[in-house]
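The values are calculated or read from the model by the stated rules, or taken from the named source; none is laboratory data. What you see is a predicted model, and the numbers here were worked out from it, not measured in a lab. FYI the Cβ positions are ideal-geometry reconstructions off the backbone, even for glycines, and counts take in every protein chain you see.
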Amino acid sequence: MDNPEVILTLGALAQTTRLDVFKLLIRSEPNGVAAGEISRILDVPHNTLSTHLGILSRSGLIRSKRYSRSIVYRADLERFREMTLFLLADCCGGNPETCATAIADLFPCYPTKEEANV
């Protein structure tokens, strides 16, 4: 990932509805959410939501798959991981102990290496 890709990705999230959509899709992993359901949950008109979904799709943050008459959207967690790692690559001048608390807060559901080895 490079600067233009990260700017595109962050720009896609820099709007309230798109950020709400992305957060909803992250919470809904791995099943995803149909477009109509996203519209209903977030109370966003279908045509407006379509525009937001297009921007998120072009940024690579979400993927879609058609099932009959329904389109189901999912967060692309790998793309999100790449962006996060890009932003943290130079964290604290290469001193991981300085960033340890912040990084640990990113992964509350995952055990640390020390906890996993117990």
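Okay, residues lined up against (1) surrounded by 13 or more Cβ atoms within 10 Å (Cβ to Cβ); (2) charged (D, E, K, R); (3) in contact with a Leu (Cβ under 7 Å, 6 or more places away or on another chain); (4) within 20 Å of Ser70 (Cβ to Cβ):
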| position | (1), (2), (3), (4) |
| --- | --- |
| Asn3 | no, no, no, no |
| Thr9 | yes, no, yes, no |
| Ala14 | no, no, no, no |
| Arg18 | yes, yes, yes, no |
| Phe22 | yes, no, yes, yes |
| Leu25 | yes, no, no, yes |
| Ser39 | yes, no, yes, yes |
| Val44 | yes, no, no, yes |
Original post:
Is it true that Ile71 is of a type in the set (A, V, I, L, M) and in a helix (DSSP H, G or I)?
Top reply: no
Original post:
Residues Ser64, Ser57, Ser50: which one is of a type outside the set (Val, Ile, Thr) and not in a helix (DSSP H, G or I)?
Top reply: Ser64
Subject >> Pair list, Cβ < 9 Å and 6+ apart or interchain, from segment 1-14 residues that are within 19 Å of His52 (Cβ to Cβ) to residues that are charged (D, E, K, R) >> reply: Leu8/Arg58; Thr9/Arg79; Thr9/Glu82; Ala12/Arg18; Ala12/Arg58
Original post:
Residues of segment 53-81 being out of contact with any Gly (no Cβ under 9 Å at 6 or more places or on another chain) and either more than 14 Å from Leu25 (Cβ to Cβ) or of a type in the set (S, T, N, Q) (or both), which ones?
Top reply: Gly54, Ser57, Arg58, Arg66, Tyr67, Ser68, Arg69, Arg81
Original post:
From the residues in segment 81-118 that are modelled with pLDDT under 70 and of a type in the set (S, T, N, Q), which one is surrounded by the most Cβ atoms within 10 Å (Cβ to Cβ)?
Top reply: Thr112
Original post:
Do we find a residue being at pLDDT 95 or above and under 23 Å from Met1 (Cβ atoms) anywhere in segment 40-52?
Top reply: yes
Original post:
Quick one: what pairs do we get from segment 32-45, first residue part of a strand (DSSP E or B) and of a type in the set (Lys, Arg), second modelled with pLDDT under 95 and loosely packed, with under 15 Cβ neighbours inside 10 Å, C-beta under 6 Å, 6+ apart or different chains?
Top reply: none
